[in-house]
Amino acid sequence: RRIDPNKTWGILKGEIETLEHDKVFYEIIVILFSASLLIFCGYLLRVDEIPLIELIKNPGNSTKFFYMREEALKILKMTRIEKYLFQWLRSLFIPFGIIGSLFLYSSYKKMKYKFLFISFFVFGITINMLTLEKSPIASIFLSIAAYIFLKREKVRPSLIILLIFVTLSGPLLISYFLFIDREDVFKVILWSYINRIFVIPAEVLFYYFQYFPETHEFLLGRSTQLFSWMFTEGLFNVSNYVSKLWWKMPNTTGLANANYLGTYWANFGWYGTIIFT
């Protein structure tokens, strides 16, 4: 059908409508925050050392903190349900709670919405930095950046640059403390990020296509949070499996994560890559 430019522009210029159901939405976010706190308390009962606290006490020694990061989640002795809930906490509950409370505050300017947003934001930053993984902390700022981007009528290049810088600030800060004992710390961080952003994703993706289904049959959803709960074996850590084969170290623990193409190829083959695209 033909696109009406005037109507399209009217949608872009339109104000966000507030609804009476927003009060119910607020209650849902409060319940979500309470449930998130319970999941976090359950995690604290399982873990012996928190990598973030150790990093603050003794920065440097990136190799040591690599293994601490692995122990803080991947090889931590937790039940299948506990791991599943903690994964959803970081990847869905926290970003949803932060953006939901931010929406309420920006729409109504009430103190209780502001307090809920600050509480969820501080809680989310704390949770997503605990294990020293960089992508969970970046995802929070990326969610907020996307919200700001979508609300602005005019987007200047300076705003985009600022949002990118803020999104990368958390991972860069973690990297700085990890490599602080190196003489050329800023050079190491620069080249590690260039390698991680432009080289590693394509290289890792190649191995996903090489190892599935030749080395291992398709997983049929076992490595995804959407479907893994249906399997008695629980979540299949595909990034760890690929890293063992890639590095030729069968007893190692590692993180060879790829974008969604690798994940859904490993699970469903061509059907996965086509349908999920």
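Could you check how many residues of region 105-163 are in a loop (DSSP other than H, G, I, E, B) and of a type in the set (D, E, K, R)?
Initially, region 105-163 is screened for residues in a loop (DSSP other than H, G, I, E, B), giving 109-110, 130-133, 152-156.
Checking which are of a type in the set (D, E, K, R) leaves us with 109-110, 133, 152-154, 156.
Selection size over region 105-163: 7.
Can you tell me which residue within region 247-259, out of those that are under 18 Å from residue 220 (Cα atoms) and out of contact with any Phe, Trp or Tyr (no Cβ under 6 Å at 6 or more places or on another chain), is surrounded by the most Cβ atoms within 10 Å (Cβ to Cβ)?
So the residue we want is 257.
Quick one: in region 140-180, of everything that is of a type in the set (S, T, N, Q) and either open to solvent by less than 60 Å² (accessible area, probe 1.4 Å) or under 20 Å from the mean Cα position of the chain (by Cα) (or both), which residue is nearest to residue 11 (Cα to Cα)? Reasoning before the result, please.
Filtering region 140-180 for residues of a type in the set (S, T, N, Q) gives 143, 158, 167, 169, 175.
Next cut, either open to solvent by less than 60 Å² (accessible area, probe 1.4 Å) or under 20 Å from the mean Cα position of the chain (by Cα) (or both) only: 143, 167, 169, 175.
On the way: 143: 22, 167: 28, 169: 33, 175: 42 Å.
Checking each candidate, the answer is 143.
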I'm checking my understanding of the structure. Among residues of region 49-80 that are among the charged types (D, E, K, R) and within 20 Å of the chain's Cα centre (by Cα), which one is farthest from residue 188 (Cα to Cα)? 80
If we scan region 134-147, do we find a residue that is at pLDDT below 95, of a type in the set (Phe, Trp, Tyr) and in contact with a Phe, Trp or Tyr (Cβ under 8 Å, 6 or more places away or on another chain)? yes
Scanning region 200-237 residue by residue, the ones that are open to solvent by 70 Å² or more (accessible area, probe 1.4 Å), under 16 Å from residue 265 (Cβ atoms) and under 18 Å from the mean Cα position of the chain (by Cα) total 1
Taking the condition open to solvent by 100 Å² or more (accessible area, probe 1.4 Å), of a type in the set (D, E, K, R), at pLDDT below 90 and assigned to a helix (DSSP H, G or I), does residue 83 pass? no
Within region 18-68, residues open to solvent by less than 60 Å² (accessible area, probe 1.4 Å), under 27 Å from residue 117 (Cβ atoms) and acidic (Asp, Glu) come out as 22
Residue 269 more than 26 Å from residue 85 (Cα to Cα) and open to solvent by less than 60 Å² (accessible area, probe 1.4 Å): yes
Do any residues in region 79-96 that are closer than 15 Å to residue 131 by Cβ have Cβ atoms under 8 Å from those of residues that are open to solvent by 70 Å² or more (accessible area, probe 1.4 Å), where the two are at least six apart or on different chains, and which pairs are they? 82/46; 83/235; 87/235
Across region 181-199, what is the number of residues that are among the β-branched types (Val, Ile, Thr) and surrounded by 15 or more Cβ atoms within 10 Å (Cβ to Cβ)? 3
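The values are calculated or read from the model by the stated rules, or taken from the named source; none is laboratory data. Worth saying up front: this structure is predicted, and the values here are computed from it rather than measured. Cβ: placed from backbone, ideal geometry, glycine included. Neighbour counts: every protein chain shown. In case anyone asks, the SASA skips ligands and DNA or RNA and just uses the protein heavy atoms, side chains included. Shrake-Rupley method; radii C 1.70, N 1.55, O 1.52, S 1.80 Å.
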